[in-house]
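Step one of this worksheet: look at the structure below.
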Amino acid sequence: MAEHVDLRSDTVTRPTDGMRKVMADAEVGDDVYAEDPTVTALEERTAELFGHEAALFVPSGTMGNQIGMRLVAEPGQEVLCDADAHVVTYEMGAAAAIFGLSTRTVVSDRGLLDADALIAQVRPQGDPYLTPTAAVAVENTHNRGFGRVQPLAELERLWEWSRGAGVAVHLDGARIWNAHAASGVPLDTYGRLADTASVCFSKGLGTPVGSVLVASAERIARARIWRKRLGGGMRQVGVLAAACLYALDHHLPRLGEDHEHARLLAERLGVDPASVETNMVVLDGVNAPVLAEAAKAQGVLVSQVSPTRIRLVTHLDVDRAGIERAAAVLTELLAR
Ligand SMILES: Cc1ncc(COP(=O)(O)O)c(C=O)c1O
(Lines give C-alpha, C1' and ligand atoms only; values in the text may rest on other atoms or scores of the structure.)
Protein backbone atom coordinates (compact mmCIF):
# COMPACT_ATOMS: atom_id res chain seq x y z
CA MET A 1 0.00 0.00 0.00
CA ALA A 2 1.12 3.58 -0.63
CA GLU A 3 2.45 5.52 2.32
CA HIS A 4 -0.02 6.84 4.87
CA VAL A 5 -1.69 10.18 4.30
CA ASP A 6 -1.00 11.67 7.69
CA LEU A 7 -3.47 14.44 8.54
CA ARG A 8 -3.05 14.27 12.31
CA SER A 9 -1.01 17.45 12.59
CA ASP A 10 1.28 19.78 10.67
CA THR A 11 4.03 18.75 13.08
CA VAL A 12 4.50 15.39 11.31
CA THR A 13 6.37 16.80 8.31
CA ARG A 14 9.82 15.50 7.50
CA PRO A 15 12.61 17.73 6.22
CA THR A 16 12.73 17.88 2.44
CA ASP A 17 15.90 17.07 0.47
CA GLY A 18 16.52 20.79 -0.03
CA MET A 19 16.19 21.42 3.68
CA ARG A 20 18.48 18.52 4.57
CA LYS A 21 21.10 19.89 2.19
CA VAL A 22 21.20 23.34 3.83
CA MET A 23 21.30 21.67 7.24
CA ALA A 24 24.28 19.59 6.19
CA ASP A 25 26.06 22.63 4.79
CA ALA A 26 25.27 25.04 7.64
CA GLU A 27 28.02 27.15 9.12
CA VAL A 28 27.96 26.52 12.87
CA GLY A 29 29.54 27.59 16.16
CA ASP A 30 28.78 27.27 19.86
CA ASP A 31 25.44 29.01 20.33
CA VAL A 32 25.70 29.03 24.12
CA TYR A 33 28.64 31.38 23.48
CA ALA A 34 26.37 33.17 20.96
CA GLU A 35 28.89 32.15 18.28
CA ASP A 36 26.70 30.27 15.84
CA PRO A 37 26.39 32.53 12.79
CA THR A 38 23.41 30.67 11.36
CA VAL A 39 21.45 30.92 14.61
CA THR A 40 22.33 34.60 14.84
CA ALA A 41 21.16 35.11 11.25
CA LEU A 42 17.86 33.39 12.03
CA GLU A 43 17.35 35.42 15.20
CA GLU A 44 18.08 38.70 13.41
CA ARG A 45 15.85 37.83 10.48
CA THR A 46 12.95 36.76 12.68
CA ALA A 47 13.22 39.82 14.92
CA GLU A 48 13.10 42.00 11.83
CA LEU A 49 10.19 40.10 10.29
CA PHE A 50 8.11 40.77 13.41
CA GLY A 51 9.33 44.31 14.00
CA HIS A 52 11.07 43.53 17.29
CA GLU A 53 14.54 44.45 18.54
CA ALA A 54 15.80 40.98 19.30
CA ALA A 55 15.06 37.27 19.17
CA LEU A 56 16.14 33.98 20.70
CA PHE A 57 16.17 30.52 19.13
CA VAL A 58 14.56 27.96 21.45
CA PRO A 59 13.96 24.23 21.03
CA SER A 60 10.18 24.31 21.16
CA GLY A 61 7.06 26.43 21.03
CA THR A 62 6.37 25.45 24.61
CA MET A 63 9.67 26.90 25.76
CA GLY A 64 9.11 30.03 23.68
CA ASN A 65 5.67 30.56 25.18
CA GLN A 66 6.63 29.85 28.73
CA ILE A 67 9.74 32.01 28.73
CA GLY A 68 7.78 34.69 26.85
CA MET A 69 5.12 34.78 29.54
CA ARG A 70 7.69 34.74 32.33
CA LEU A 71 9.36 37.80 30.82
CA VAL A 72 6.17 39.80 31.26
CA ALA A 73 4.84 38.35 34.51
CA GLU A 74 6.44 37.79 37.91
CA PRO A 75 5.81 34.82 40.21
CA GLY A 76 2.48 35.31 41.97
CA GLN A 77 1.08 37.37 39.11
CA GLU A 78 -1.50 36.19 36.67
CA VAL A 79 -1.57 35.53 32.95
CA LEU A 80 -5.05 35.67 31.47
CA CYS A 81 -5.96 33.73 28.35
CA ASP A 82 -8.78 31.81 26.72
CA ALA A 83 -9.76 28.47 28.20
CA ASP A 84 -8.58 26.50 25.17
CA ALA A 85 -5.24 28.23 24.78
CA HIS A 86 -2.29 25.94 24.12
CA VAL A 87 -0.35 27.62 26.94
CA VAL A 88 -2.81 26.30 29.52
CA THR A 89 -4.05 23.17 27.78
CA TYR A 90 -0.95 21.41 26.47
CA GLU A 91 2.06 22.87 28.24
CA MET A 92 1.84 20.67 31.33
CA GLY A 93 1.13 23.47 33.77
CA ALA A 94 4.60 24.90 33.14
CA ALA A 95 3.57 28.45 34.01
CA ALA A 96 2.72 27.31 37.54
CA ALA A 97 5.07 24.36 37.92
CA ILE A 98 8.22 26.12 36.72
CA PHE A 99 7.61 29.85 36.79
CA GLY A 100 5.21 30.44 39.69
CA LEU A 101 2.70 32.15 37.44
CA SER A 102 -0.98 31.97 38.07
CA THR A 103 -3.17 31.50 34.99
CA ARG A 104 -6.83 32.35 34.64
CA THR A 105 -8.97 31.54 31.66
CA VAL A 106 -12.00 32.94 29.90
CA VAL A 107 -14.27 30.68 27.87
CA SER A 108 -14.32 31.73 24.23
CA ASP A 109 -16.10 30.78 21.04
CA ARG A 110 -13.64 28.29 19.48
CA GLY A 111 -10.69 30.35 20.61
CA LEU A 112 -11.89 33.56 18.98
CA LEU A 113 -10.43 36.60 20.69
CA ASP A 114 -13.04 38.90 22.18
CA ALA A 115 -10.83 41.68 23.51
CA ASP A 116 -13.52 43.27 25.66
CA ALA A 117 -14.46 39.96 27.27
CA LEU A 118 -10.81 39.40 28.18
CA ILE A 119 -10.31 42.98 29.35
CA ALA A 120 -13.37 42.70 31.59
CA GLN A 121 -11.62 39.93 33.52
CA VAL A 122 -8.36 41.76 34.12
CA ARG A 123 -7.51 42.34 37.78
CA PRO A 124 -5.60 45.47 38.78
CA GLN A 125 -2.07 45.73 40.09
CA GLY A 126 -1.55 46.98 43.63
CA ASP A 127 -4.79 45.72 45.16
CA PRO A 128 -4.04 43.96 48.47
CA TYR A 129 -6.70 41.31 47.86
CA LEU A 130 -6.53 40.49 44.18
CA THR A 131 -4.02 38.48 42.16
CA PRO A 132 -2.85 41.08 39.62
CA THR A 133 -3.10 40.39 35.90
CA ALA A 134 0.33 41.11 34.49
CA ALA A 135 -0.26 39.80 30.98
CA VAL A 136 -2.72 38.34 28.54
CA ALA A 137 -1.79 35.56 26.12
CA VAL A 138 -3.34 35.34 22.67
CA GLU A 139 -3.00 32.42 20.24
CA ASN A 140 -2.98 33.04 16.48
CA THR A 141 -3.94 30.90 14.66
CA HIS A 142 -5.83 29.05 17.34
CA ASN A 143 -5.06 25.34 17.57
CA ARG A 144 -8.16 24.15 19.43
CA GLY A 145 -10.13 26.73 17.43
CA PHE A 146 -9.12 24.65 14.39
CA GLY A 147 -6.83 27.12 12.76
CA ARG A 148 -8.94 30.17 13.39
CA VAL A 149 -7.32 33.52 12.55
CA GLN A 150 -7.72 36.21 15.20
CA PRO A 151 -9.41 39.35 13.86
CA LEU A 152 -6.94 42.20 13.50
CA ALA A 153 -9.43 44.67 15.00
CA GLU A 154 -9.62 42.61 18.21
CA LEU A 155 -5.83 42.36 18.43
CA GLU A 156 -5.56 46.11 17.95
CA ARG A 157 -8.24 46.79 20.55
CA LEU A 158 -6.45 44.59 23.08
CA TRP A 159 -3.09 46.17 22.32
CA GLU A 160 -4.32 49.75 22.57
CA TRP A 161 -6.08 49.02 25.83
CA SER A 162 -3.06 47.17 27.25
CA ARG A 163 -0.75 50.19 26.79
CA GLY A 164 -2.84 52.32 29.11
CA ALA A 165 -3.47 49.48 31.55
CA GLY A 166 0.15 48.38 32.03
CA VAL A 167 -0.75 44.82 31.03
CA ALA A 168 1.57 43.00 28.64
CA VAL A 169 0.51 40.95 25.63
CA HIS A 170 2.14 37.62 24.79
CA LEU A 171 1.46 36.09 21.38
CA ASP A 172 1.53 32.33 20.93
CA GLY A 173 2.31 32.53 17.24
CA ALA A 174 3.04 28.87 16.64
CA ARG A 175 1.01 29.24 13.43
CA ILE A 176 1.24 32.99 12.93
CA TRP A 177 2.54 32.20 9.44
CA ASN A 178 -0.80 30.61 8.58
CA ALA A 179 -2.64 33.64 9.97
CA HIS A 180 -0.47 35.89 7.79
CA ALA A 181 -0.98 33.71 4.70
CA ALA A 182 -4.75 33.63 5.19
CA SER A 183 -5.38 37.24 6.21
CA GLY A 184 -2.64 39.06 4.33
CA VAL A 185 -1.83 40.95 7.55
CA PRO A 186 1.94 41.59 7.54
CA LEU A 187 3.99 39.64 10.08
CA ASP A 188 5.35 42.84 11.56
CA THR A 189 1.81 44.09 12.18
CA TYR A 190 1.13 40.98 14.22
CA GLY A 191 4.52 41.37 15.89
CA ARG A 192 3.96 44.98 16.86
CA LEU A 193 0.75 44.04 18.66
CA ALA A 194 2.63 41.91 21.19
CA ASP A 195 5.32 42.51 23.81
CA THR A 196 6.62 38.97 23.45
CA ALA A 197 5.86 36.49 20.69
CA SER A 198 6.82 32.87 20.17
CA VAL A 199 6.76 31.65 16.57
CA CYS A 200 7.29 28.04 15.52
CA PHE A 201 9.12 26.65 12.52
CA SER A 202 8.19 23.04 13.22
CA LYS A 203 4.49 23.30 12.33
CA GLY A 204 3.36 24.65 8.96
CA LEU A 205 6.89 25.66 7.98
CA GLY A 206 8.03 22.07 8.14
CA THR A 207 11.31 22.06 10.06
CA PRO A 208 12.17 19.21 12.43
CA VAL A 209 12.76 21.52 15.43
CA GLY A 210 12.75 25.12 16.44
CA SER A 211 10.91 28.18 17.61
CA VAL A 212 11.98 31.78 18.01
CA LEU A 213 10.96 34.16 20.75
CA VAL A 214 10.91 37.84 19.78
CA ALA A 215 10.84 40.79 22.18
CA SER A 216 12.84 43.85 23.22
CA ALA A 217 16.62 43.49 23.53
CA GLU A 218 16.37 43.77 27.31
CA ARG A 219 13.79 40.99 27.51
CA ILE A 220 15.69 38.73 25.14
CA ALA A 221 18.82 39.12 27.31
CA ARG A 222 16.73 37.81 30.22
CA ALA A 223 15.22 35.10 28.01
CA ARG A 224 18.73 33.83 27.24
CA ILE A 225 19.27 33.24 30.96
CA TRP A 226 15.93 31.45 31.28
CA ARG A 227 16.71 29.28 28.28
CA LYS A 228 20.02 28.21 29.84
CA ARG A 229 18.36 27.63 33.20
CA LEU A 230 15.84 25.33 31.56
CA GLY A 231 18.52 23.35 29.77
CA GLY A 232 17.63 24.83 26.40
CA GLY A 233 21.11 26.19 25.64
CA MET A 234 22.23 24.34 22.53
CA ARG A 235 25.62 24.24 20.90
CA GLN A 236 26.25 23.83 17.14
CA VAL A 237 22.61 24.31 16.46
CA GLY A 238 23.05 26.22 13.23
CA VAL A 239 22.13 22.95 11.54
CA LEU A 240 18.61 23.49 12.86
CA ALA A 241 18.53 27.25 12.32
CA ALA A 242 19.54 26.63 8.68
CA ALA A 243 16.37 24.57 8.27
CA CYS A 244 14.34 27.48 9.66
CA LEU A 245 15.95 29.98 7.28
CA TYR A 246 15.27 27.59 4.42
CA ALA A 247 11.65 27.31 5.53
CA LEU A 248 11.22 31.09 5.46
CA ASP A 249 12.45 31.16 1.86
CA HIS A 250 10.76 28.04 0.54
CA HIS A 251 7.87 27.03 2.75
CA LEU A 252 6.35 30.27 3.97
CA PRO A 253 5.38 31.31 0.41
CA ARG A 254 3.55 28.00 -0.18
CA LEU A 255 1.34 27.93 2.93
CA GLY A 256 -1.66 29.06 0.90
CA GLU A 257 -1.54 25.65 -0.81
CA ASP A 258 -2.20 23.93 2.53
CA HIS A 259 -5.15 26.25 3.08
CA GLU A 260 -6.51 25.42 -0.39
CA HIS A 261 -6.11 21.73 0.37
CA ALA A 262 -8.02 22.13 3.62
CA ARG A 263 -10.88 23.89 1.83
CA LEU A 264 -10.92 21.18 -0.82
CA LEU A 265 -11.06 18.49 1.84
CA ALA A 266 -13.91 20.34 3.55
CA GLU A 267 -15.88 20.57 0.31
CA ARG A 268 -15.44 16.89 -0.42
CA LEU A 269 -16.52 15.95 3.10
CA GLY A 270 -19.56 18.21 3.22
CA VAL A 271 -18.04 20.61 5.74
CA ASP A 272 -18.75 24.29 5.14
CA PRO A 273 -15.52 25.53 3.46
CA ALA A 274 -16.17 28.96 5.03
CA SER A 275 -15.45 27.35 8.41
CA VAL A 276 -11.94 26.54 7.21
CA GLU A 277 -9.76 29.59 7.71
CA THR A 278 -6.33 28.01 7.39
CA ASN A 279 -5.03 24.42 7.39
CA MET A 280 -7.46 22.60 9.69
CA VAL A 281 -10.80 20.89 9.05
CA VAL A 282 -13.04 19.57 11.78
CA LEU A 283 -15.55 16.75 11.43
CA ASP A 284 -18.20 17.02 14.11
CA GLY A 285 -20.81 14.55 15.24
CA VAL A 286 -18.86 11.47 14.20
CA ASN A 287 -17.90 8.34 16.08
CA ALA A 288 -14.31 9.49 16.33
CA PRO A 289 -12.59 6.29 17.56
CA VAL A 290 -14.37 4.13 14.98
CA LEU A 291 -13.77 6.55 12.13
CA ALA A 292 -10.12 7.08 13.05
CA GLU A 293 -9.45 3.34 13.25
CA ALA A 294 -11.23 2.57 9.98
CA ALA A 295 -9.42 5.42 8.21
CA LYS A 296 -6.10 4.22 9.55
CA ALA A 297 -6.79 0.73 8.20
CA GLN A 298 -7.05 2.40 4.78
CA GLY A 299 -3.90 4.45 5.20
CA VAL A 300 -5.36 7.78 6.33
CA LEU A 301 -4.33 9.08 9.75
CA VAL A 302 -6.55 11.59 11.52
CA SER A 303 -6.67 13.11 15.00
CA GLN A 304 -9.43 12.41 17.51
CA VAL A 305 -10.00 15.55 19.52
CA SER A 306 -13.07 14.27 21.35
CA PRO A 307 -15.24 11.15 21.14
CA THR A 308 -17.34 12.89 18.47
CA ARG A 309 -14.82 15.12 16.78
CA ILE A 310 -12.03 14.50 14.27
CA ARG A 311 -9.42 17.01 13.19
CA LEU A 312 -7.65 16.98 9.83
CA VAL A 313 -4.58 19.14 9.30
CA THR A 314 -3.04 19.81 5.90
CA HIS A 315 0.68 20.41 5.49
CA LEU A 316 3.78 20.22 3.34
CA ASP A 317 3.90 16.42 3.24
CA VAL A 318 0.39 15.95 1.84
CA ASP A 319 -0.02 16.88 -1.82
CA ARG A 320 -3.18 17.21 -3.86
CA ALA A 321 -3.21 13.46 -4.63
CA GLY A 322 -2.97 12.71 -0.91
CA ILE A 323 -5.86 15.05 -0.21
CA GLU A 324 -7.97 13.35 -2.91
CA ARG A 325 -7.10 9.96 -1.48
CA ALA A 326 -7.98 11.00 2.09
CA ALA A 327 -11.22 12.58 0.88
CA ALA A 328 -12.23 9.41 -0.95
CA VAL A 329 -11.51 7.19 2.07
CA LEU A 330 -13.27 9.47 4.56
CA THR A 331 -16.29 10.11 2.29
CA GLU A 332 -16.83 6.37 1.97
CA LEU A 333 -16.48 5.83 5.73
CA LEU A 334 -18.81 8.73 6.59
CA ALA A 335 -21.47 7.28 4.28
CA ARG A 336 -21.47 3.93 6.10
C1 LIG B 1 -0.70 26.86 19.25
C2 LIG B 1 0.50 26.11 19.71
N3 LIG B 1 1.36 26.71 20.55
C4 LIG B 1 2.45 26.10 21.02
C5 LIG B 1 2.75 24.82 20.63
C6 LIG B 1 3.94 24.14 21.25
O7 LIG B 1 4.92 23.81 20.36
P8 LIG B 1 5.97 22.65 20.71
O9 LIG B 1 5.27 21.37 20.43
O10 LIG B 1 7.09 22.94 19.77
O11 LIG B 1 6.35 22.79 22.12
C12 LIG B 1 1.90 24.13 19.75
C13 LIG B 1 2.19 22.76 19.35
O14 LIG B 1 1.52 22.16 18.56
C15 LIG B 1 0.74 24.81 19.30
O16 LIG B 1 -0.14 24.21 18.49
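Among the residues examined, Asp116 qualifies as away from the ligand (no atom under 16 Å from the Cβ) and farther than 17 Å from Phe50 by Cβ.
Being over 17 Å from the mean Cα position of the chain (by Cα), aromatic (Phe, Trp, Tyr) and away from the ligand (no atom under 16 Å from the Cβ), is that true of even one residue in the range 224-231? So that I can check it myself, show each step before the final result.
Just the residues of the range 224-231 that are over 17 Å from the mean Cα position of the chain (by Cα), to begin with: 224-231.
Then drop every residue that is not aromatic (Phe, Trp, Tyr), which leaves 226.
If we keep only those that are away from the ligand (no atom under 16 Å from the Cβ) as well, we get none.
Looking through the range 224-231, none of the residues is over 17 Å from the mean Cα position of the chain (by Cα), aromatic (Phe, Trp, Tyr) and away from the ligand (no atom under 16 Å from the Cβ).
Of all the residues in the range 215-255, those that are touching a strand residue (DSSP E or B) at 6+ places or on another chain (Cβ under 7 Å) and assigned to a helix (DSSP H, G or I) number 7. With respect to (1) within 30 Å of Gly210 (Cα to Cα); (2) open to solvent by less than 60 Å² (accessible area, probe 1.4 Å), the lone exception for Val286 is condition (1). Could you tell me which of the residues Glu139, Glu91 is out of contact with any Ser or Thr (no Cβ under 7 Å at 6 or more places or on another chain) and under 30 Å from Glu257 (Cα atoms)? Only one candidate qualifies: Glu139. Within the range 40-94, the set of residues being surrounded by fewer than 24 Cβ atoms within 10 Å (Cβ to Cβ), touching a residue at least 12 places away in the same chain (Cβ under 8 Å) and small (Gly, Ala, Ser) comprises Ala41, Ala47, Gly51, Ala54, Ser60, Gly76, Ala83, Ala94. Reported count of residues in the range 238-266, each being under 16 Å from Thr46 (Cα atoms) and either open to solvent by less than 60 Å² (accessible area, probe 1.4 Å) or basic (Lys, Arg) (or both), is 12. Looking only at the range 148-178, residues that are within 16 Å of the ligand (Cβ to nearest atom), more than 17 Å from Val212 (Cα to Cα) and assigned to a helix (DSSP H, G or I) come to 1 in all. Only a single criterion out of (1) touching a Leu at 6+ places or on another chain (Cβ under 7 Å); (2) acidic (Asp, Glu); (3) over 24 Å from Leu252 (Cα atoms) is not satisfied by Glu43, namely (3).
The set of residues in the range 273-319 that are within 22 Å of the chain's Cα centre (by Cα), β-branched (Val, Ile, Thr) and at pLDDT 95 or above comprises Val276, Thr278, Val281, Val282, Val302, Ile310, Val313, Thr314, Val318. Against the condition within 15 Å of the ligand (Cβ to nearest atom), modelled with pLDDT of 95 or more and crowded, with 21+ Cβ neighbours inside 10 Å, how does Met19 come out, does it pass? Judged against the criteria, Met19 is not a match. Would you mind stating whether Ala321 is open to solvent by 20 Å² or more (accessible area, probe 1.4 Å) and without any contact (Cβ under 8 Å) to a residue 60 or more places away in the chain? Judged against the criteria, Ala321 is a match.
The values are calculated or read from the model by the stated rules, or taken from the named source; none is laboratory data. Since we're looking at a predicted model, the values are computed, not measured. Note that each Cβ is placed from the backbone with ideal geometry, even for glycine, and that neighbours are counted across all protein chains shown. These accessible areas exclude ligands, DNA and RNA; they are computed on the full protein's heavy atoms, side chains included. Shrake-Rupley method; radii C 1.70, N 1.55, O 1.52, S 1.80 Å.
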